[in-house]
Amino acid sequence: MASEKISRVGVIGAGQMGGGIAEVCARADVDVLVYESTRELVAAGRTRILRSLDRGVSSGKLTEREREDAAGRLRFTSDLGDFADRQLVCEAVIEDELVKTEIFADLDKVVSDPLAVLASNTSSIPIMKLGMATQNAGRVIGMHFFNPVPVLPLVELVTTLMTSDDVSARAEAFAHDVLGKQVVRSADRSGFVVNSLLVPYLLSAIRMAESGFATAEDIDKAMVLGCAHPMGPLKLSDLVGLDTVKAIADKMYEEFKEPLYAPPPLLLRMVEAGRLGKKAGHGFYRYG
Ligand code: CAA
C-alpha cells in the first residue's frame with residue numbers, strides 16, 4: 001500500500017499557494033481536484049492557474065500541448081464530498097486555525113483510504129492541532145510549499161508525534177519523485193525550518209522601515225545588492241502577503257513568546273488598512 005503511486009490528488013483552496021500546488025501537480029501528470037467555497041472563487045482560481053500555465057509557455061518551460069494536457073487534468077468543485085477517492089489532499093486555505101481544523105475534520109470523514117495523505121500547507125500552525133481534529137491523526141502531515149510554487153523547489157515535510165511512517169514515506173515520495181521537489185524534514189514546531197529563520201528577518205526589516213532608519217527601497221536594495229537575495233525583505237513580504245506574514249508571526253509568537261516573532265505596529269496598521277501586498281495592489285510598494 002505504501003508504495004502505491006499517488007495519481008489522484010485534491011487541493012483545498014485555489015489562492016496563490018493552492019493554485020500553485022494544483023498547477024505543479026497537474027504538470028506532473030496527476031489528476032487534480034481543486035476545492036473553492038464559491039463559484040466566484042473557483043473562477044478566480046481557474047484563471048490564476050491558467051495564467052500561470054500561459055506564463056510557462058511564454059517563458060519556454062512548457063509546450064502548448066503540455067499546457068493543454070495540464071489544464072485538462074484540473075477539475076474544480078465546491079463540494080468536499082467529491083474528495084472521497086483522493087489518495088493525497090493538500091489543504092492550502094488562509095492561515096486560520098479554526099478554518100483549517102474544520103476542513104481536516106470534514107476531510108477525515110470524506111476521504112475513504114485509511115492510508116491517504118491528508119496534508120496541510122500551513123506555515124505556522126502545529127500539524128498536531130490539525131491531526132487531532134480528525135479520527136486518524138496518523139494520516140495527517142505538513143507539506144509546506146514556497147511561493148511561487150512552480151519556481152521554488154522546496155517542500156518542508158512536517159511529521160507529528162502521530163504521523164504514520166507509511167504516510168510520511170508516501171508524502172515524501174510524492175513530493176520528490178512525482179513533483180520533483182527537494183524535501184527537508186522538520187519537527188512539528190510553529191514556523192518549521194524556513195519561517196523560523198525568515199520571519200524574524202522580515203519583521204526586522206519592517207521594524208527598520210518603521211523606525212525611519214532606512215527607506216523601504218534602500219532596505220530592499222541593500223539585501224539584493226549586498227547579499228544577492230533575489231528580492232529584498234519588504235518586496236518579499238508583499239509577495240507573501242502582509243496578512244499572511246502577520247498570521248504566521250502571531251502563531252510563532254503564540255508558540256514561543258519570543259519578542260522577535262511579535263508583529264510590529266506598522267505591519268498591524270498595514271493589514272488593518274487592507275494594504276496586504278502584491279495581491280491587493282498595494283503594500284510596501286504599489287502594483288499593477
Ligand atoms: N509562476 C510561474 N513561474 C514564475 C512565477 C510564477 N508565479 N514567477 C516567476 N516565475 C518564473 C518566470 O517565468 C521566470 O522564469 P524564466 O527564468 O525561465 O524566464 C523566473 O521564474 C524568474 O521570474 P522573473 O524573471 O519574472 O522575475 P525574477 O527573476 O525577479 O524572479 C521570483 C521572481 C521567482 C519571485 C524571485 O524574485 C524569487 O525567487 N524571490 C524570492 C521568493 C521567495 O523567497 N519565496 C519564498 C517566500 S516564503 C513562502 O512562500 C512560505 C511562507 O510560509 C511564507
Report summary line: Taking the chain and counting helices only, DSSP H stretches of n ≥ 4 at -39,500 (n - 2.57) each over all residues, the nearest-500 ellipticity at 222 nm comes to -14000 deg cm²/dmol
Requested in this report: Give me the distance in nm between label points sitting 7 Å out from Cα along the Cα-to-Cβ direction at VAL57 and LYS109, one decimal.
Outcome: 4.2
Requested in this report: Starting from the Cα of LYS109, draw a straight line to each of the lysines and keep only those under 25 Å, dropping any in the same chain fewer than 8 residues away.
Outcome: LYS5, LYS100, LYS129
Query raised in the report: Do any of LYS61/LYS278; LYS257/LYS279; LYS61/LYS181 go past 26 Å between their Cα atoms, and which?
Result: LYS257/LYS279
Query - Estimated dipole of the chain in Debye, rounded to 20 [Cβ of Lys and Arg +1, of Asp and Glu -1, Cα centre] - result: 660
Report task. Mind pulling the per residue volume of the convex hull built on the Cα atoms of the range 97-207? Å³ is fine. Result -> 108
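Rounded to the nearest 20 debye, what is the charge dipole size of the range 194-279 about its Cα centre when +1 sits on each Lys and Arg Cβ and -1 on each Asp and Glu Cβ?
160
How much length is gained on full extension from ASP166 to ASP82, taking 0.36 nm per residue of separation minus their Cα-Cα distance?
Stretched out fully, the ASP166 to ASP82 stretch lengthens by 27.8 nm.
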Report summary line: Rounded to the nearest 10 degrees, the helix 39-58 long axis (Cα) sits at an angle to the longest Cα principal axis of the chain of 80
Report summary line: With label points set 7 Å from each Cα along the Cα-to-Cβ direction at GLN135 and ARG65, the distance between them in nm comes to 4.7
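Quick one: net charge around ALA119, please, counting Lys, Arg +1 and Asp, Glu -1 for every other residue with C-beta under 12 Å from its C-beta. Mind showing how you got there, number by number?
On the way: positive: ARG86, LYS100, ARG139, ARG170; negative: GLU91, GLU156, GLU172.
My count for the surroundings of ALA119 gives +1.
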Report summary line: With the charge dipole of the chain built from beta-carbon charges (+1 for Lys and Arg, -1 for Asp and Glu) about the Cα centre, the Cα from LEU98, VAL110, ILE219 projecting farthest to the positive end belongs to ILE219
Query raised in the report: With axes computed from alpha carbons, what is the tilt in degrees of helix 194-211 against the longest principal axis of the chain, rounded to the nearest 10 within 0 to 90?
Result: 30
Query raised in the report: Counting alpha carbon pairs within less than 8 Å and at least 6 residues apart, what relative contact order, in whole percent, applies to the range 194-279?
Result: 33
Query - Pairs of alpha carbons in the range 8-186 whose separation is greater than 23 Å (percent) - result: 34
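Read the figures in this text as sums done on the coordinates, not as results from a lab. Bear in mind the structure is a predicted one, so any value in this text is a computation, not a measurement. Positions of Cβ are backbone-derived with ideal geometry, glycine not excepted, and every protein chain shown enters the neighbour counts.
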